[in-house]
Each structure stands twice: as C-alpha cells, then as structure tokens.
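Everything on this sheet refers to the single structure shown next.
The values are calculated or read from the model by the stated rules, or taken from the named source; none is laboratory data. Worth saying up front: this structure is predicted, and the values here are computed from it rather than measured. Reconstructed Cβ throughout: ideal geometry from the backbone, glycine too, with neighbour counts over all protein chains shown. Note: areas computed on protein heavy atoms with side chains; ligands, DNA, RNA excluded. Shrake-Rupley method; radii C 1.70, N 1.55, O 1.52, S 1.80 Å.
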Amino acid sequence: MNDAVSSTAERSCPVCASRTFVHFADERIDESKVSTFTYASRKQPEFMCLRLVRCVDCDLVYAPTPPTQNFLSDSYSEASFDSAKEAIAAAISYSKALVPHIADLSRRTIAVDVGAGSGPLLPLLQNAGFAKVIGIEPSRAAIDAASPDVRPMLREGMFSPEMLESEHPSLLCSFMTLEHIAEPGDFARAVYDLLEPGGKFAVVVHNWRSPLNRILGLRSPIIDVEHLQLFSPKSITALFVEAGFENVSQVAITNAYPIGYWLRLSPLPAKLKALIGGALSRIGLADVQIPLRVGNMMAVGSKPLEMNK
Ligand SMILES: [Zn+2]
C-alpha cells in the first residue's frame, strides 16, 4: 500500500498499547485488484492483506501501519453492497446468541448496532423489546439497500460518540466490525462511556486461533486487507477488561449461511467455485442454510451498575 493511504509511524498494540510483537504475515497488496468491493462486506476473498504482527502481551494480530482514518472513511462510505441475503442470515445467527444476554439486562431502553449494514438486526432488536433501536453504518449503498421500515432507524457515518448525543443505550452491538475500526481500544472505551450503568457491549469477531482459521492459515478469508486487527479469546477479553467492562464472557458461535455463500468463502480455485455454484443454483440448492462453526466468537461485557470508586 502506498504512503498516501498508509500511516508512516508504526502503531503500538491497539488493545493493550504494548510495543512487543512478532511477525505474523507479510503485506500482500495488488493495487490492480483493489475495487469498490474491497471494502464491502461478505465479498469474494481476495487474499490480500496488510503486514500483520502479533502482540506478545495480549495475542492481538494487528497491522502496525494501517491506512489513515480518512482513507478508511472514504472507502467504507463508497463501498458496494450486494449481500442482503447473507446479512439477514448472519443477523439471525447473532440475535440467537444474544438472547441470554438480553434476558438479563435490567432495562431495555435503547439498542444500537454499530456497522449495521442494511439493518437486518434492527427489527430483531425491536422484537426483543427495546424501546428505541438505532443502526450506524458508513456505507451509503448498504443504507440504500435497507427496507423502508428499517431505513429511518439508520444513521449514516463512521461511528463517533457524537452520533448518539444524550442517548445512553442498554445494549450496543457491533458485529463483524471491530476488525475494520482503526482504534478498537478507543472504540470500546467510548462504548463504555456511552452505555447506561448495567448496559452491555456485545461484539462478534473472527477468532484467528480457531482450528479452521489455523488450518487455512494465510488462505483463510479472515486474512484480508480490510482487517486492521484480528482477535483471539485472550485479546478480545483484554479489549473489554482494558475498557472497564466486567462479567466478560466469550463463546464460539455458529453461523447459518446459504451453501452458496460458504462456497464463495472457500479456498477453492475461482473456476471450480463458479462451476459448483452454477450446479447448486440449477438444482435449487444454493440458498439452503447450512449452520457451521467457522471460527467466529461472541464476546459480551457489562458496564458496572455502580461505580466502584
Ligand atoms: Zn496487545
């Protein structure tokens, strides 16, 4: 990646601020392959990545020289969106995993989804009993793809605390988004400050240490130029604890996606994928939902009810 889009100084670990790291992956960027789909969700894997290192202290894998905030903001705002069907399947998987965490919330005032896409999670949060539901999403194309009943709940832009002035959520979700945020530690602290006492922060992230991702190695779809960091159970827990959250839990979750989508993510050659995909469509199987545990995890933490000071 050239200097215009890349910061010059190496950053310290964006979770624990440590500067002790080991090599994880070399940069692989093919400028000719960068397109408006590069920053879109659930795209065809491109097998491009920034240089990645692993923090020796908290186990986070991160890009020490990520693109600048302006570059990211422009890229996501202009990103294409063509994944409505998969987005709905993902939202259903995540909302199922959220059920026990919502059940023991003391209040259900406001729920916010950061990186909401076309907003498929928002009606599910309404059904879970939240009085007000807000989605925050930088991609204009994703917002344009929202259904008419969901569209009014979406606010356009890269998340910043000012987008929620005087609104203190009982629940803030951010699913498959943390990898894309330049400073996840700052984000977690901002969420902590925003939440009402007793409120919860819930994230879904890729687990780079999951068996499937370890087997695929650098051919895993999680090795991606969009991902500025990759979490493991240890590093996601560190993110929550450093921000002040308590009762932090993390579990592996199951994603149910159409079989055609799993095929798209698979490390098979593109021609073979097209061949199999065409065959699945012709026999009407491309949309059959297959639940798989592919190395995603949900982490949840609570803001203390009372300040302990
Ligand atoms: Zn660290």
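Brief remarks on what is shown
- Look at segment 136-149: where a residue is under 20 Å from Phe175 (Cα atoms) and of a type in the set (Ser, Thr, Tyr) and a partner is part of a loop (DSSP other than H, G, I, E, B) and modelled with pLDDT of 90 or more, sitting 6+ places away or on another chain with Cβ atoms under 8 Å, you get Ser139/Gly117; Ser147/Ser118; Ser147/Gly119.
- Segment 274-309, subset at pLDDT 80 or above and open to solvent by 80 Å² or more (accessible area, probe 1.4 Å), residue nearest to the chain's Cα centre (by Cα): Leu305
- Picking from residues in segment 11-26 that are assigned to a strand (DSSP E or B) and buried (at least 18 other Cβ atoms within 10 Å of the Cβ), the one that is nearest to the ligand (Cβ to nearest atom) is Phe21.
For (1) more than 14 Å from the ligand (Cβ to nearest atom); (2) acidic (Asp, Glu); (3) touching a helix residue (DSSP H, G or I) at 6+ places or on another chain (Cβ under 7 Å); (4) open to solvent by less than 40 Å² (accessible area, probe 1.4 Å), each residue gets a yes or a no:
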residue	(1), (2), (3), (4)
Gln229	no, no, yes, yes
Ser235	no, no, no, yes
Glu242	no, yes, yes, no
Glu246	yes, yes, no, no
Ser249	yes, no, no, no
Gly260	yes, no, yes, yes
Leu263	yes, no, yes, yes
Leu272	yes, no, no, no
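- Members of segment 56-91 that are touching a residue at least 12 places away in the same chain (Cβ under 8 Å), open to solvent by 50 Å² or more (accessible area, probe 1.4 Å) and either touching a Leu at 6+ places or on another chain (Cβ under 7 Å) or charged (D, E, K, R) (or both): Asp57, Glu78, Asp82, Lys85
- If the condition is being modelled with pLDDT under 95 and over 15 Å from Met176 (Cα atoms), then segment 210-255 contributes Ser210, Pro211, Leu212, Asn213, Arg214, Ile215, Leu216, Gly217, Leu218, Arg219, Ser220.
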